[in-house]
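Have a look at the structure below before the remarks.
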Amino acid sequence: MANYLVRRFILVFVMAFVVSLASFVLLYSAPGGPLEQLVALQSTTRRPDPDEIERIMKRYDLDLNLFVRYLRWLTGHPRGPIVIGGQEVFGDLQVGCLKEGQARLVYPDGRVVEINCAKPVFLRDLAERPTGNGVIRLDFGRSQQLAREQPVIELIESRLGNTLLLMGLSTFFAIALSIPIGIYSAVKQYSRFDYFFTTLTFFGSGMPTLFTGVMGILVFALLFQRLGLPYLPAGLVESNRDAVVPLLGTIKAGSFADRLWHLILPVAVLTFFNLAGWTRFIRSSMLEVLRQDYVRTARAKGVVERLVILKHALRNALIPFVTLLAGVLPTLFGGAIITESVFNWSGIGRLFINALVASDYPVAIAYVLISTFLTLIGFILSDVLYTVVDPRIRLS
Amino acid sequence: MATTSVPLTKPTAPVLAGARSESQWAIVLRRFRKHRMAMISLGALMVVFLASLLAPVLAPFPRDATGLAPRFSPPLTAYNGQMHWLGTDHVGRDFFTRLLYAARITLSISFFAATLATLIGMTLGALAGYFRGLVDSIVMRILEFMASIPDFPILLIVTSILASRPESLPIPRFVLDAMGALMLLSPVGNERAQVVVIIVVLTAFGWISAARLMRGMVLSVRERDFIEATRALGASNARIILRHVVPNAFPPLVVSYTLSLAGALTAETALSFLGIGITDPTPTWGNMLQFATNFMLTDPWVPLIPGLPVVIASLAFNFIGDGLRDALDPRLKM
């Protein structure tokens, strides 16, 4: 077990490293970086100003060579010359180039070196520029487009609550509903109840949330409002002004009732979608278990049917469900990208999409990195949970 | 639950001369015909397919012509003596016309993405499962890697970078020309390159499930006695794989292919809806839906026009997959 966990954690770090490297490459090869924007902005009015370009290059580390830039992005180091016992070492190690061309360096000891760079950047110069804490300490840099200069992590924190609320509630409802429905469908296989829910779940998994969301808004928000029925809001996290709803009375903007009112439709759409997949999953896993010999044995020795189902069958049927729950962890953070977009829900998923549409790659990369990390953790968790719920399984 | 299936083996018993026998595919066809929803779905898809094929003939207006009638004219509006069957969109383009062209583009993208992904997955899965060793461990590592990353966000970010700058992907000229001709795209601008980028990205993220399925099937088939017998008769590896292993692993793959058509369709729609995939003026159901939802509060009927085809096509592929599953392997019946 310990052995397994160590190996698994090593794998996580290798994966995290690969993904961080890929993210970094994406981040800097992506179109619309800060420099490109500046040039585009200026070329419409005047020629690019060399000082301005240099300032931007310094500001975003664009002058440094790729390896140093990656290190600084990932760890926040190096921040200047390395000092050992009051002695500066590697202070004049060249780490980048601000301007192409030729230059001659004259060292204090009289050495003269010709280099292919008009304005070289040395390790010593890094002490003067502001440095982040690095991705490993959750400093993902600053937003370039959505909220200029605001730290990415602050942007994410400001949206996290909304996403956790939406995803937490819909996951809870989906689990709470799918387990009993799945069990009952399996126990009463081919009954009317079973046919109804099998059909419903088929539609639920076949219809994209994009469509169910839009249909939900059309019916429960727009149509109900026009018919004078108690309607639901068409989107957003809370209202901008007080709303008068038939039968429900006045809902004050920003109140608890208002937030609850806004949650109903998106939570329902997501619950419906998850419910479809999970119910099918529980049903088929339950059907599999009910066919086993030990269930027949339990029945034969006269155990009450309710106990056979809940104790002998269900416990075993839920084992594969654990894997499914592992996938929940990253979505709790990442939100439902499409549902949040349909409902203008100011959560993390929508932040990600807005960042992509606006080419704000630091924000988008932060989202991907955190999601990846949580996905990996989810995998380990599910493996460990497996051994907890099923002692037959040993990790090695 | 296709992954747990055991494939049907070919009937090997000699057939008595003169006795009426039904071939395996005839049985499958007969069983499939009994699945009512699958047959209805097949009919619905045929209609959509034919309509998109005949788009240039059926469409009453040029694809991108704006201001044909006042914006958001309701369906069945006649304007300047010409009928707009489904009304007009936010810049007065004919909805019916754009829906037909969009069907052609969306269906083609789903077809190519799902087909390429399945072919690549099949090939790699078969090689990995049959030869084991180095190929297998490489393929397995890639599969593991892809399973432990959040694929939808990464698909979105890659698409957003490539689709906004499609020239960064070296696409052969003839591919662009062929796709342009197939989907009736204009050679000016980066319309054609965008479509190819979407196909490439969806393929790159779509082959995983087919590869895993194929590998599992091959692993179970290759240990069977008839493979041993074939090898004893001196058949080459290529012959064993193509003539014996692949056909035996076929039934679940057909089902997974149908479902991956639905997957590619909804993925493309989602990408275009989110404004990251194919962008206006190239019509797809997804980007039409995006504009439609923006004006939903004032014109609530608009989202239904691009929305219904999406859901009909997606459900149809699912039903056909379900029908095929029942027909190919009755033991897998849900």
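Being surrounded by fewer than 21 Cβ atoms within 10 Å (Cβ to Cβ), more than 9 Å from chain A (Cβ to nearest Cβ), basic (Lys, Arg) and assigned to a helix (DSSP H, G or I) is a condition met by no residue of region B:310-325.
The residue list A:Leu62, A:Leu105 contains one member that is outside the structural domain of A:Ala366 (by TED's automatic domain parsing) and closer than 21 Å to A:Ile365 by Cα, which is A:Leu62.
Close Cβ contacts (under 9 Å, 6 or more residues apart or on different chains) running from residues in region A:220-249 that are closer than 25 Å to A:Gly161 by Cβ to residues that are among the basic types (Lys, Arg) comprise A:Val237/A:Arg259; A:Glu238/A:Arg259; A:Ser239/A:Lys252; A:Asp242/A:Lys252; A:Ala243/A:Lys252. Does B:Ser108 fit the bill of being away from chain A (no Cβ under 14 Å), assigned to a helix (DSSP H, G or I), in contact with a helix residue (DSSP H, G or I) (Cβ under 7 Å, 6 or more places away or on another chain) and closer than 22 Å to B:Trp285 by Cα? In short, yes. Selection within region B:238-278: residues that are more than 12 Å from every other protein chain (Cβ to nearest Cβ) and not in a helix (DSSP H, G or I). The member of this set that is modelled with the highest pLDDT is B:Ile278.
Among the conditions (1) in a strand (DSSP E or B); (2) at positive phi, the only one that B:Met83 does not satisfy is (2). When you scan region B:78-97, do you find a residue that is in contact with a Leu (Cβ under 8 Å, 6 or more places away or on another chain), within 14 Å of chain A (Cβ to nearest Cβ) and either under 19 Å from B:Ala264 (Cβ atoms) or surrounded by fewer than 20 Cβ atoms within 10 Å (Cβ to Cβ) (or both), even just one? Taking every residue of region B:78-97 in turn, none turns out to be in contact with a Leu (Cβ under 8 Å, 6 or more places away or on another chain), within 14 Å of chain A (Cβ to nearest Cβ) and either under 19 Å from B:Ala264 (Cβ atoms) or surrounded by fewer than 20 Cβ atoms within 10 Å (Cβ to Cβ) (or both).
Checking each residue in region A:358-396 for being of a type in the set (Ser, Thr, Tyr) and either modelled with pLDDT under 80 or surrounded by fewer than 21 Cβ atoms within 10 Å (Cβ to Cβ) (or both) picks out A:Ser359, A:Ser382, A:Tyr386, A:Thr387, A:Ser396.
Within region B:132-225, considering only helices (runs of 4 or more DSSP H) that don't extend past its boundaries, which have at least 2 residues that are in contact with a Leu (Cβ under 9 Å, 6 or more places away or on another chain), within 13 Å of chain A (Cβ to nearest Cβ) and not β-branched (Val, Ile, Thr)? Steps first, answer last, please.
Values: elements: B:133-147, B:151-164, B:173-182, B:191-221.
Passing ranges, in order: B:151-164.
Within region A:63-86, does at least one residue satisfy the condition of being of a type in the set (Val, Ile, Thr), at pLDDT below 80 and more than 30 Å from A:Val19 (Cβ to Cβ)? Among the residues of region A:63-86, at least one is of a type in the set (Val, Ile, Thr), at pLDDT below 80 and more than 30 Å from A:Val19 (Cβ to Cβ), which makes the answer yes.
State whether one or more residues within region A:323-333 are within 14 Å of chain B (Cβ to nearest Cβ) and in a loop (DSSP other than H, G, I, E, B). Within region A:323-333 (the criterion being within 14 Å of chain B (Cβ to nearest Cβ) and in a loop (DSSP other than H, G, I, E, B)), the answer is yes, since at least one residue qualifies.
The values are calculated or read from the model by the stated rules, or taken from the named source; none is laboratory data. Since we're looking at a predicted model, the values are computed, not measured. Counting neighbours? That spans all protein chains shown, and the Cβs are built from the backbone with ideal geometry, glycine included.
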